[in-house]
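Notes to accompany the following structure.
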Amino acid sequence: MISSNQGQLKCHRCSECNGLSCANMLPGLGGVMDGFNFQSNYKAWKELFLEAKTEASQILIKPEVIRCGPVTGSVENIGYNNEKDFYLPYLSNVLSAGFNLCVGDGYPDEKLQFGTEAVKTLNTKAAFFLKPYPQEILKKRIDFVKPYASYVGVDIDSFNIATMRNLVHLERKTADQLQDLRTQAQLPFVIKGVFTDEDIELVKEVKPDVVYISNHGGRVETKKGSTGVFLKENAEILKKYCKEIWVDGGIRTKQDIQAALYYGADQVIMARPFIKATFDNNFKEKFGSFLK
């Protein structure tokens, strides 16, 4: 396990990571709208598991169905002293546990560069999620990550981050634009941030390889609700237009993962638990026997 340099973690270290104590704590690891979607995400998996406990509890979880979240902004959001210090420890820990990797995008460009460098150092590949920049910028980013990518996706829900949208001119992508980027990537293509009826219509047009259900961990302004309930209500229709469904948001336990898989997910993405374990240098202790 690769250790990380310390800073001051922007988290209250609650016994339950449920979003109640960190509402509106941004920068930080909290959520917007008084933490409503963060809290809803967390709560929904518990309720969904209980609804299908008999069947869901029998599902065997293989490590490869788990991925780390595509996290950036380690200084402003996590509390690291230096941006670069986060990426290699985070991705290395996840890979050592047998889980798969996601790498995120951000401003300034060094965030994507640090994530890409870490994947290269680990001699592996990852799913890369790029912000919806103007097309020509995105195409250059796709070309930059392609040698290290197993999937390329566009993080459509990050359009709802008003500060970043205005700073770097993020766009609400059309189906034609996403198809253009898919052609550029020539790799399995992901639409990340599917969470509304409008997003479902976009999926029907694009027919991506992967639909990634997300409300950005409750960190963006979008409709109110949970990713778990959205998965339950829409997995059947989404599966007609993609090969796989991925989901994140509030997933903390083995039972949460079983609930997600039962209701139609093919892979689950976890972020906050992996972030905190990496920051505290106790990833192996926390997740070495996570699935047993």
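Worth pointing out:
- Scanning segment 167-196 for residues that are within 17 Å of Val247 (Cβ to Cβ) and either in contact with a Cys (Cβ under 8 Å, 6 or more places away or on another chain) or assigned to a helix (DSSP H, G or I) (or both) yields a total of 0.
- Every pair of residues 6+ apart whose Cβ atoms lie under 8 Å, when the first sits in segment 129-146 and is farther than 23 Å from Arg67 by Cα while the second is acidic (Asp, Glu) and in a helix (DSSP H, G or I): Gln135/Asp180
- Scanning segment 59-82 turns up at least one residue that is assigned to a loop (DSSP other than H, G, I, E, B), open to solvent by 70 Å² or more (accessible area, probe 1.4 Å), over 24 Å from Glu110 (Cα atoms) and out of contact with any strand residue (DSSP E or B) (no Cβ under 9 Å at 6 or more places or on another chain).
- Residue list for segment 92-112, filter: open to solvent by 10 Å² or more (accessible area, probe 1.4 Å) and not in a helix (DSSP H, G or I): Ala97, Gly98, Asn100, Tyr107, Pro108, Asp109
- Residue within segment 233-240 that is modelled with pLDDT of 95 or more, closer than 23 Å to Val103 by Cβ and surrounded by 18 or more Cβ atoms within 10 Å (Cβ to Cβ) present: no
- All of Gly153, Gly115 fail the test of being in a helix (DSSP H, G or I), closer than 19 Å to His216 by Cα and in contact with a strand residue (DSSP E or B) (Cβ under 7 Å, 6 or more places away or on another chain), apart from Gly115.
- Only one entry of Lys139, Lys146 meets the criterion of being surrounded by fewer than 24 Cβ atoms within 10 Å (Cβ to Cβ), of a type outside the set (Asp, Glu) and in contact with a strand residue (DSSP E or B) (Cβ under 9 Å, 6 or more places away or on another chain), and that entry is Lys146.
- Residue list for segment 150-178, restricted to those being surrounded by fewer than 17 Cβ atoms within 10 Å (Cβ to Cβ), at pLDDT 85 or above and farther than 18 Å from Glu136 by Cβ: Ser150, Ala175
- Within segment 179-200, being more than 21 Å from Gly249 (Cβ to Cβ) and open to solvent by 10 Å² or more (accessible area, probe 1.4 Å) holds for Gln179, Asp180, Arg182, Thr183, Gln184, Gln186, Leu187, Pro188.
- Listed conditions (1) within 16 Å of the chain's Cα centre (by Cα); (2) surrounded by fewer than 20 Cβ atoms within 10 Å (Cβ to Cβ); (3) in contact (Cβ under 8 Å) with a residue 60 or more places away in the chain are all met by Lys224, apart from (1).
Listed here are the residues, each with its yes/no results for (1) surrounded by 14 or more Cβ atoms within 10 Å (Cβ to Cβ); (2) in a loop (DSSP other than H, G, I, E, B).
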| position | (1), (2) |
| --- | --- |
| Cys11 | yes, yes |
| Gly19 | yes, yes |
| Gly28 | yes, yes |
| Phe36 | yes, no |
| Ser40 | yes, no |
| Glu47 | no, no |
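- Test for Tyr262: is it open to solvent by 40 Å² or more (accessible area, probe 1.4 Å) and either of a type in the set (A, V, I, L, M) or in contact with a strand residue (DSSP E or B) (Cβ under 9 Å, 6 or more places away or on another chain) (or both): no
The values are calculated or read from the model by the stated rules, or taken from the named source; none is laboratory data. All values reported here derive from a predicted model rather than from experimental measurement. Using ideal geometry, Cβ is built from the backbone for each residue, glycine included, and neighbour counts are taken over all protein chains shown. When the accessible area is computed, the model is the full protein with side chains, heavy atoms only, and any ligands, DNA or RNA have been set aside. Shrake-Rupley method; radii C 1.70, N 1.55, O 1.52, S 1.80 Å.
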